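K.L.:
Below is a structure I'd like to ask you about.
Please treat every number below as a calculation from the coordinates, not as lab data. Fair warning: this is a prediction, and the values are worked out from it, not measured in the lab. Here the Cβ positions follow ideal geometry from the backbone for every residue, glycine too, while neighbour counts run over all protein chains shown.
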Amino acid sequence: MSVAAYAEARALAGELRDAGRDDLAARLETVIEEGFSATEILMGLRHVLNQAVSQLPADSLLRDRAESLLGAIQRALSP
């Protein structure tokens, strides 16, 4: 799950950057690059994605992608 989540987060970061949301894109990339363990990275991604979902318009495809990735990460982190 970790590698797939990282790849999806990087792809989402690229799309966010293209949409002018450099702030969210940079935060996603920083979490991946600076995280020490897979769990730390997934928890960081979950935090940033929660913020992205709250900030992006409800009818946005980017929000849909963020919600989808967030759900996958939440399932991966669940006991």
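K.L.:
How many residues are among the charged types (D, E, K, R) and either within 15 Å of D64 (Cα to Cα) or under 10 Å from the mean Cα position of the chain (by Cα) (or both) when one looks only at the stretch 1-20?
P.N.:
The total comes to 3.
K.L.:
Restrict the check to the stretch 16-35 and report whether at least one residue is of a type in the set (D, E), without any contact (Cβ under 8 Å) to a residue 60 or more places away in the chain and touching a Gly at 6+ places or on another chain (Cβ under 9 Å).
P.N.:
Going residue by residue through the stretch 16-35, those that are of a type in the set (D, E) are 18, 22-23, 29, 33-34.
With without any contact (Cβ under 8 Å) to a residue 60 or more places away in the chain added as a condition, the list becomes 18, 22-23, 29, 33-34.
Imposing the further condition that a residue be touching a Gly at 6+ places or on another chain (Cβ under 9 Å) reduces the set to 34.
For the stretch 16-35, residues of a type in the set (D, E), without any contact (Cβ under 8 Å) to a residue 60 or more places away in the chain and touching a Gly at 6+ places or on another chain (Cβ under 9 Å): present.
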